[in-house]
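**Student:** My questions will all concern the structure given below.
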Amino acid sequence: MYGPYDPYDPYARYGPYRRLRDGLRAYRMIAAMWIRSTMAYRLSFAMTTFGNFAGTVLDFVAIMLMFSQVDELGGYALPEVAFLYGLTSTSFGLVDVTVGSMDRLGRRVRDGTLDTLLVRPAPVLAQVAADRFALRRLGRVVQGLLVLGYAVAVLDIEWTPLKVLVVPLALLSGGLIFGALFVAAGAFQFVAQDASEVQHAFTDGGNTLLQYPPTVFAQELLRGVTFVLPLAFVNWLPALYVLGRPYPLDLPVWAAFASPLVGAGCCALAGLAWRAGLRSYRSTGS
């Protein structure tokens, strides 16, 4: 009824709804365990959260220093760049909180500790994503929301219902795309083993790329992050619609509203990559 039994995926016999329900339940329980552990040392938690917040603030300080020397960057003023920054930083921060532990997967593959997750009655992806759940990473989310709030308050935007709708859709879509990137990069580590720096090159590097306007990059790069690795749908296209700016590559106006579909497609592809990577795992031997 549910297809052949897969020893690398004991949940393959169940339907997708039950797998999703059990995965979310396992994730919630593991994350709650790590939160309780973190809150046992509240002062340490407060200090590390503030440190995370201060570290991400420096990213935007660097942008402000650029604008102390120039009035525009690629034709964009500081509030417009802040709007781009706030959207991508908030989306990335939310994903970093929820699945940021995926970069530890390569280490587990290399030393064989992934075996302990395979024998537990819970989906492996949920266990890996919730492993060492770090609530301190909320500092990045708070910083991104503050910058986004500053941009919205300063920019002279003629808000319409569609423009208002695009902002939360961009945050949701950005989360889906970044989340898919984290999962796909984790699946790559089944093959490359400890390749966390490669993962950071795409995740953290993609976030940094999107903090700047598309007009400062070459056309070849814009095509790559639009049609190959669709990072442009995280914030560039939705933000340019809100700002009334022309799209890169002369894309149609409705492209800004395609972000949720692109995010869903990326998640589906990342799920296939994860299942393929998990099936290829053969442990470390004796």
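**Student:** Tell me whether the stretch 157-167 contains one or more residues that are under 13 Å from the mean Cα position of the chain (by Cα) and not small (Gly, Ala, Ser). Before the answer, list the steps.
**Tutor:** Taking the stretch 157-167 as the starting set, the residues that turn out to be under 13 Å from the mean Cα position of the chain (by Cα) are none.
Within the stretch 157-167 (the criterion being under 13 Å from the mean Cα position of the chain (by Cα) and not small (Gly, Ala, Ser)), the answer is no, since none of the residues qualifies.
**Student:** Please state which one of 87, 169 is open to solvent by 20 Å² or more (accessible area, probe 1.4 Å), within 22 Å of residue 204 (Cα to Cα), touching a residue at least 24 places away in the same chain (Cβ under 8 Å) and of a type in the set (A, V, I, L, M, F, W, C). Don't jump to the end; show me each part of the working.
**Tutor:** On the way: 87 fails: open to solvent by 20 Å² or more (accessible area, probe 1.4 Å).
The match here is 169.
**Student:** In the stretch 222-235, is there at least one residue being assigned to a helix (DSSP H, G or I), touching a Pro at 6+ places or on another chain (Cβ under 9 Å), polar (S, T, N, Q) and surrounded by fewer than 18 Cβ atoms within 10 Å (Cβ to Cβ)?
**Tutor:** No: the stretch 222-235 contains no residue that is assigned to a helix (DSSP H, G or I), touching a Pro at 6+ places or on another chain (Cβ under 9 Å), polar (S, T, N, Q) and surrounded by fewer than 18 Cβ atoms within 10 Å (Cβ to Cβ).
**Student:** Let me ask you something else. Quickly run through the stretch 61-84 and pick out the residues that are among the aromatic types (Phe, Trp, Tyr) and more than 14 Å from residue 216 (Cβ to Cβ).
**Tutor:** 83
**Student:** Further question: Show the residue pairs meeting these rules: Cβ distance below 7 Å; 6+ apart or different chains; first residue within the stretch 187-207 and charged (D, E, K, R); second residue surrounded by 14 or more Cβ atoms within 10 Å (Cβ to Cβ).
**Tutor:** Short answer, once both residue conditions are applied: 194/106; 194/107; 194/110.
**Student:** Something else about it: If residue 213 satisfies every condition in (1) over 17 Å from the mean Cα position of the chain (by Cα); (2) of a type outside the set (Ser, Thr, Tyr); (3) open to solvent by 10 Å² or more (accessible area, probe 1.4 Å) but one, which is the exception?
**Tutor:** (3)
**Student:** For the stretch 40-57, state whether one or more residues are closer than 20 Å to residue 236 by Cα and assigned to a helix (DSSP H, G or I).
**Tutor:** Checked the stretch 40-57: no residue is closer than 20 Å to residue 236 by Cα and assigned to a helix (DSSP H, G or I).
**Student:** Now for a separate question. Could you please let me know if residue 137 is among the charged types (D, E, K, R), open to solvent by 10 Å² or more (accessible area, probe 1.4 Å) and in contact (Cβ under 8 Å) with a residue 60 or more places away in the chain?
**Tutor:** Yes; evaluated as a whole, the condition is true for this residue.
**Student:** Checking residue 246 against (1) surrounded by fewer than 18 Cβ atoms within 10 Å (Cβ to Cβ); (2) in contact (Cβ under 8 Å) with a residue 60 or more places away in the chain; (3) assigned to a loop (DSSP other than H, G, I, E, B), which test does it fail?
**Tutor:** (2)
The values are calculated or read from the model by the stated rules, or taken from the named source; none is laboratory data. Here the structure is a predicted model, which means the values were calculated and not measured. Because the Cβ atoms are built from the backbone with ideal geometry, glycine has one as well, and the counts that use them run over all protein chains shown. With ligands, DNA and RNA removed, areas are computed over all heavy atoms of the protein, side chains included. Shrake-Rupley method; radii C 1.70, N 1.55, O 1.52, S 1.80 Å.
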